């Protein structure tokens, strides 16, 4: 790994890297700059300074509650509502682009985002809201509804429980809903995204009553039109409402949300025929090799009810429950590349309607007490969730229609009756039901005025899974298994500004089903665990934060072996080992200059493979390194003006298990500016951003063994009025 780290570091500091960002920011001249009248200075400066808080070094740790990063043996941080508003992200993935340890890819064959954290995938359905799994929209998440996007790097089976989709092994994302603040919120925004995507948003919040005990926050957004990819249309409508009440000892909140999204003529990911000898050059950055009959519509209604009660000054009872009802419909399209040189490929289509009905709840008690010189913070609780997935499918002929990656043509929508059919397309039947039940307990022991803290915890989890024949009905397989996932973490605080930590924690994955063609076809395997070891350190200097973490995670893998009788047998005896180091920093080292930056180096190896054929080779879709730097500069000589810039670099990625196909490293460069002006007593913020300034064409991800192309140059503009 040492050689790979040195090579990656040399790559990052090359001429097109961080030096280019600084030069561009220093030479940029904002077109919107105007002289602000002296009487407007206080309004403008106040509005401009409210943009400071972009990264918050704290977040939800599930069973342990909301915690400051310096207090816990884990890497956790959050991206704020302010950052979301200023960067104008279309999806959650655009928010997570700010994190140097996270990269975004597409789900298989549809309009969904999935994320790569520490080299492992995180599916959309495994993102939490306010600590609960199963409530978040499964495919695309609109960021306008959330006050914070919290990122936990590392496994989390003890903290959050098993993720329903079977991911979250390298990290977890938790979304914090918007709620009323002590100060009134009155905000209206209009926005534009190239080529012709327009929209707007509103956000209103109030606290009422003599002591502000009742709060209400209502916000929503709508967007419609073509994005920068040629003829790709996207629309989304979101509406959220939060009610909360608080007294001296009790807090009650209700968060409700509606989200509807549509993607028409989406540019698909590119599957690769097994005989390809090399990876093709990417097509033009804005070329759309999708079909106009390809569309996805997603509708989600979801909400969470939460209650907290302070039994005493040191003990709190809490409970929350959430639910989600969702429907997905569409004509999905795939593109399989047959010839990397000419671009020859084939197009196939499918319909896979899906309905989800999910419910989740948790209850627990947290408290602090002391036994002599040792303090204790205990957590006792339980969680239960139920998930019902209703599915049907219709696939067109797998022969597909001829097409070309570099010169695509329109082809007719396939006749689905000629392919595979299953279930009722109009009213899908249950495909599987999952129940997850767990009980957890932990104790954080503190010594030497809590400068040394040791966290010990256990979560006993039961996974009850049932699969059904979606055409004929009836149960086809089931299992009910119990698994214990422990955690041990140590924090040492030599000073209030420095925190050193170590942890050993596990991830938990629902077991696979042996496929057809193996001697044990249909066997359902019990859940299996991943094991993570991590050490790190954090520094908090008021206006500046930094952290470093070294980690190693072992993940069992599905594997087909040939047994003593010469028969193929499906097992989970394979192994992938990811290890690496992460650096992260953020803050305002100089007044008016804000930075978010970081570097992640990952060495992901196949350790136990089919017949040992690929032992020691790199895992698919894991970049050698990822690096980010975001810079914001308030121009003191031009009041109200802020310049912004971002550099994103991603290292090489393997596309196949034998490592004969590889994606090259890529770099993306974004620029922007903000201008705050006062209209009487009302601040107005104008924003203009350009993502992928160079209009670079590149393959951004090979996760899953297929190619995802990066977005073309995209112009974004918005104006926000706060009154």
*Which of the residues belonging to the range 564-602 are more than 30 Å from residue 49 (Cβ to Cβ) and out of contact with any strand residue (DSSP E or B) (no Cβ under 7 Å at 6 or more places or on another chain)?*
564, 565, 566, 567
*asked:* Can you confirm whether residue 169 is part of a strand (DSSP E or B) and either in contact with a strand residue (DSSP E or B) (Cβ under 6 Å, 6 or more places away or on another chain) or over 16 Å from residue 85 (Cβ atoms) (or both)?
replied: no
_Selection within the range 282-311 - part of a loop (DSSP other than H, G, I, E, B) and either closer than 21 Å to residue 259 by Cα or without any contact (Cβ under 8 Å) to a residue 24 or more places away in the chain (or both)_ = 294
*Is there a residue being surrounded by fewer than 24 Cβ atoms within 10 Å (Cβ to Cβ) and part of a loop (DSSP other than H, G, I, E, B) anywhere in the range 75-86?*
no
*Checking residue 549 against (1) at pLDDT below 95; (2) buried (at least 16 other Cβ atoms within 10 Å of the Cβ), which test does it fail?*
(1)
*If we keep just the residues of the range 589-640 that are part of a loop (DSSP other than H, G, I, E, B) and at positive phi, which is farthest from the chain's Cα centre (by Cα)?*
640
*For residue 493, are the conditions met, namely being in contact (Cβ under 8 Å) with a residue 60 or more places away in the chain, over 26 Å from the mean Cα position of the chain (by Cα), assigned to a strand (DSSP E or B) and crowded, with 18+ Cβ neighbours inside 10 Å?*
yes
_Which listed residue, of 258, 289, 233, 295, is crowded, with 20+ Cβ neighbours inside 10 Å and within 30 Å of residue 334 (Cα to Cα)_ = 289
*Just a yes or no: is a residue in the range 314-323 modelled with pLDDT of 95 or more and closer than 19 Å to residue 389 by Cα?*
yes
*Restricting attention to the range 437-460, does a residue exist that is modelled with pLDDT under 95 and more than 30 Å from residue 368 (Cα to Cα)?*
no
*From the set of residues in the range 457-490 that are in a loop (DSSP other than H, G, I, E, B) and without any contact (Cβ under 8 Å) to a residue 40 or more places away in the chain, which is farthest from residue 161 (Cα to Cα)?*
472
*So which of 121, 89 is touching a residue at least 12 places away in the same chain (Cβ under 8 Å), part of a strand (DSSP E or B) and surrounded by fewer than 24 Cβ atoms within 10 Å (Cβ to Cβ)?*
121
*Out of curiosity, is residue 56 farther than 20 Å from residue 689 by Cβ, at pLDDT below 90 and surrounded by 15 or more Cβ atoms within 10 Å (Cβ to Cβ)?*
no
*Quick one: which residue in 511, 517 is surrounded by 15 or more Cβ atoms within 10 Å (Cβ to Cβ), touching a strand residue (DSSP E or B) at 6+ places or on another chain (Cβ under 8 Å), modelled with pLDDT under 85 and not in a strand (DSSP E or B)?*
511
*Check the range 523-542 and report whether any residue there is more than 30 Å from residue 585 (Cα to Cα), at pLDDT below 90 and surrounded by fewer than 15 Cβ atoms within 10 Å (Cβ to Cβ).*
yes
*Can you name the residue in the range 92-118 that is within 23 Å of residue 716 (Cα to Cα) and part of a loop (DSSP other than H, G, I, E, B) and is also farthest from the chain's Cα centre (by Cα) among such residues?*
111
*Complete set of residues in the range 324-356 that are crowded, with 16+ Cβ neighbours inside 10 Å and under 17 Å from residue 387 (Cα atoms)*: 324, 326, 327, 328, 353, 354, 355, 356
_For the range 146-159, check the following and say yes or no: at least one residue is touching a helix residue (DSSP H, G or I) at 6+ places or on another chain (Cβ under 8 Å), modelled with pLDDT of 90 or more, closer than 26 Å to residue 673 by Cβ and surrounded by 24 or more Cβ atoms within 10 Å (Cβ to Cβ)._
yes
*Residue check: is residue 585 assigned to a strand (DSSP E or B), within 21 Å of the chain's Cα centre (by Cα) and farther than 19 Å from residue 79 by Cβ?*
no
*Across the range 376-410, what is the number of residues that are surrounded by fewer than 17 Cβ atoms within 10 Å (Cβ to Cβ) and either free of Cβ contacts under 8 Å to residues at least 12 places away in the same chain or not in a strand (DSSP E or B) (or both)?*
7
*asked:* Take residues that are under 21 Å from residue 639 (Cβ atoms) and tell me which of the strands (runs of 3 or more DSSP E) falling wholly in the range 662-723 contain 2 or more.
replied: 666-679, 682-691, 714-722
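The values are calculated or read from the model by the stated rules, or taken from the named source; none is laboratory data. Please read all numbers here as calculations on a predicted model, not as lab measurements. Cβ: placed from backbone, ideal geometry, glycine included. Neighbour counts: every protein chain shown.
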